[in-house]
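Engineer: This is the structure I want to talk about, given as structure tokens.
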Amino acid sequence: MPEPGDGLSELVAVMDRLRSPGGCPWDARQTHRSLAEYLLEEAYETVEAIESGDRDDLREELGDLLLQVAFHARIAEEDPDDPWDIDDVARGIVAKLVRRHPHVFAGDAPDVTTAEQVESRWHQLKAREKGRASVTEGIPDALPALLRASKMLARSEHLDVALPDAGEPLAGVTTEGSFGDLLLVLVAAGRARGWDAEAALRDAVRRQATRIRDAEEG
């Protein structure tokens, strides 16, 4: 019977063969930068598979995403000055998980009992580890706007920070700035109800696309 982790070892071996002399010319010439677009593409395709509910498709897309991790780790292994490999990547995330869950692994913070408290503590520990002055630091600028807003709200939930007063829906929304404030309030309202604003918008766009196609065919 295969042992746990055998599949990962096979992936590492295949990646090594592709990058080694006599392997694949295309794989051999790739760099971290050249692969960035594929990493983004596979991440979005994985999200699409999750939303479709197709578990076979999700398994395949997770494999494609895992390939990107193995690919980048193999490239890093070749660095002449600071090499590291996929085992170093795995050990790093294991150490981080243990460090960010002191209520589980260290018996610390027995008052942390809910998922919301865990998330808030995670962000606080992360900010402290990285020496960040604000929980808003480290949120990638390249994230879609709604996802970025949601993350910012999630990280600041432990703070007493008021949301912008957007007034009645669309009332007084005459500038792009006031429209942005309204969107921020809507994201907060969705979070309070357990809704994912980004997913809701993607679903709404898909519904609109269906209506457009129906009109074109009609």
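Engineer: Confirm whether residue 84 is of a type in the set (Phe, Trp, Tyr), farther than 30 Å from residue 207 by Cα and out of contact with any Asp or Glu (no Cβ under 8 Å at 6 or more places or on another chain).
Structural biologist: The answer is no for residue 84.
Engineer: Looking at segment 10-28, which of its residues are basic (Lys, Arg) and more than 13 Å from residue 77 (Cβ to Cβ)?
Structural biologist: 17
Engineer: Another question, if that's okay. Of all the residues that make up segment 127-144, how many are loosely packed, with under 12 Cβ neighbours inside 10 Å and either touching a Cys at 6+ places or on another chain (Cβ under 7 Å) or not in a loop (DSSP other than H, G, I, E, B) (or both)?
Structural biologist: 2
Engineer: Criterion first (loosely packed, with under 12 Cβ neighbours inside 10 Å and of a type in the set (D, E, K, R)) does residue 37 satisfy it?
Structural biologist: When the stated conditions are applied, residue 37 passes them.
Engineer: While we're on this one: In the set 53, 63, 7, which member is loosely packed, with under 10 Cβ neighbours inside 10 Å and without any contact (Cβ under 8 Å) to a residue 24 or more places away in the chain?
Structural biologist: Within the list 53, 63, 7, the selection yields 53.
Residue-by-condition table, conditions (1) farther than 24 Å from residue 136 by Cβ; (2) basic (Lys, Arg); (3) modelled with pLDDT of 95 or more:
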{"site": "51", "(1), (2), (3)": "yes, no, no"}
{"site": "83", "(1), (2), (3)": "yes, no, yes"}
{"site": "88", "(1), (2), (3)": "yes, no, yes"}
{"site": "100", "(1), (2), (3)": "no, yes, no"}
{"site": "105", "(1), (2), (3)": "yes, no, no"}
{"site": "110", "(1), (2), (3)": "yes, no, no"}
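The values are calculated or read from the model by the stated rules, or taken from the named source; none is laboratory data. All of these numbers come straight from a predicted model, not from anything done at the bench. Backbone-built Cβ (ideal geometry, glycine too); neighbour counts: all protein chains shown.
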